[in-house]
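Down below is the structure, laid out as structure tokens.
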Amino acid sequence: MLLGLLFLVLLAVVHAAHAHPIVRKRAAGNNATAELLSTLQTMGLTKLHDAFVSHPAILQTASASPGQKTLLAPSDAAVQAFPSWATSNANLFESTLLMHFLNGSFDLSQLQAGPRHTVGHSLVTSPAYANLPGGNGQAVALYSARAGSKNRYVQEGVNNDMFIDASTEVGDYFIQPINQGMTIPGNATFTLGFIGGHQLLSKMLLADSALASTIDNMRGSTIFAPTTRALRAYLATSPSNESLSTVIKNHLVLNRAVYSPLLDGQGSLISASGQDISFDAGSNTIRLGQDSAKVTQYDIMHRGGVIHLIDAVFSSTTLDQARADQAAQSAQASADPYIAGPVSVENAASSQGSDVPAGGAARNSTIQAINAGNSSTSDSGSSSGASKGGGTGSSSSSGKSSSAGMLGLPAFTLFSAILLPSTLLSL
């Protein structure tokens with residue numbers, strides 16, 4: 001009888017254990033915030049601790065974000081060194097510190113060796129500071145000096161912020177101290193204007209205010225930025241308005257932020273001129289048409305995407321505007337609203353999508369023939385209303401290409417309306 005009672009009691013205990021399993025929870029809500037703040041003090045990150053206390057919205061936003069976060073924690077000296085323009089505006093300063101929280105888990109001991117990067121999205125999602133596909137947070141580039149190296153960095157446009165001291169994990173946060181604080185990147189033309197040896201492209205874009213505004217406010221853009229020297233050499237050939245318009249478009253990819261991990265393996269990459277862009281990881285080169293360019297720096301972030309610096313101009317004048325428009329629309333439709341962890345082919349805010357017509361030599365030859373025919377018709381004085389660029393609805397004497405749909409991207413009117421080639425060469 002006694003053994004029977006013991007058996008029934010044991011059975012009841014086992015049943016209760018299965019009905020109400022013991023779950024070990026991490027600290028949540030205020031407890032998690034208090035634990036993080038306490039850990040920062042223990043690590044000697046007092047200034048960052050004080051900034052979080054003074055601006056509670058930062059940790060409120062971080063706590064509301066699901067899953068793990070990686071905090072790139074500026075040292076006391078780094079917090080004190082933030083520029084006054086970043087600290088004097090409370091909203092900007094809070095967004096600046098939120099950019100130090102990466103969404104998801106990262107193995108910081110296995111970062112991509114330079115020159116390419118491991119890229120993650122931060123918790124800064126306000127369109128004023130991050131205008132990326134799917135509403136994802138501003139991106140941050142990380143790398144190691146070489147494979148297996150303990151020298152690891154955050155890359156910004158003109159700074160490299162070094163990892164310092166040991167990392168610590170507390171609750172949902174993985175904390176890695178760094179020796180400099182990051183600042184919020186500006187828009188595309190502003191960022192280009194700060195890159196040594198590449199400012200001419202910024203000036204060319206800004207010379208056409210409508211074009212600059214479209215690029216600066218587009219949700220997702222990738223820019224392959226040639227050197228000023230390469231652009232001067234191209235401009236010295238006195239290209240026509242239509243040629244220059246197409247060449248500028250060769251260097252743009254719309255509605256996509258194609259960070260370095262996505263340059264190979266994500267499928268087709270189609271420029272705003274409708275031409276295929278290919279990448280050779282072994283030689284760090286980009287090719288469009290017959291031209292190839294060496295990538296001299298990857299992953300310079302701007303508010304709406306990314307800039308890769310190259311050493312040559314893609315001079316092809318083949319324009320397939322319908323394909324470019326369709327590629328931009330397809331990319332826009334592919335946007336993913338939540339990316340956590342390292343960006344990869346399978347984990348990206350956008351892709352080219354699948355609704356894009358095939359390109360290739362045969363199609364390009366057809367497009368060139370059509371463009372040549374339209375140009376000939378315009379030159380002969382036809383009253384059809386087609387411009388030399390092959391578009392419709394504008395006078396052939398306007399000197400502008402009207403075939404610039406590109407989801408609202410205007411025709412490039414730099415020469416005809418704003419600057420002469422000789423003026424450009426003096427910039």
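Straight-line cross-link partners of Lys203 among the aspartates and glutamates, defined as a Cα under 17 Å from its Cα and at least 8 positions apart when in the same chain: Asp216.
Partners of Lys69 within straight-line reach, counting aspartates and glutamates whose Cα lies under 13 Å from its Cα and excluding those fewer than 8 residues away in the same chain: Asp107, Glu169, Asp172. As a proxy for reagent exposure, ranking Leu206, Leu319 by other Cβ atoms within 10 Å from fewest up yields Leu206, Leu319.
Peptides 282-290, 336-344, 179-187 ordered by packing proxy, namely the average of other Cβ atoms within 10 Å per residue, highest first: 179-187, 336-344, 282-290.
For segment 80-91, 3J(HN,Hα) computed residue by residue from phi via the Karplus equation (6.51, -1.76, 1.60; θ = phi - 60°) reads 5, 8, 4, x, 4, 5, 8, 9, 6, 9, 4, 5 Hz, glycine and proline entered as x.
Counting neighbouring Cβ atoms within 10 Å and putting the fewest first, the residues Ser63, Ser122 line up as Ser63, Ser122. Between segment 136-194 and segment 213-249, the alpha-carbon centres lie 29 Å apart. Taking a ≥ b ≥ c as the square roots of the eigenvalues of the Cα gyration tensor of segment 61-198, is the shape rounded (a/c under 1.5), prolate (a/b larger than b/c) or oblate? Judged from the Cα gyration tensor, segment 61-198 comes out rounded (a/c under 1.5).
Just so you know, the Cα atoms of segment 267-358 work out to an Rg and Dmax of 14.0, 39 Å. Pairs of Cα atoms nearer than 8 Å and 6+ residues apart set the relative contact order; for segment 30-178 it is 23 percent. 3J(HN,Hα) along segment 278-291, derived from phi through the Karplus expression 6.51 cos²θ - 1.76 cosθ + 1.60 where θ = phi - 60°, amounts to 10, 10, 10, 5, x, 9, 6, 10, 10, 10, 9, x, 8, 9 Hz, with x in place of Gly and Pro.
Values in this text are rule-based calculations from the coordinates and carry no lab data. This structure is a prediction, so every number in the text was calculated from the model and none was measured. In this analysis, Cβ positions are derived from the backbone assuming ideal geometry, glycine residues included, and neighbour counts consider all displayed protein chains.
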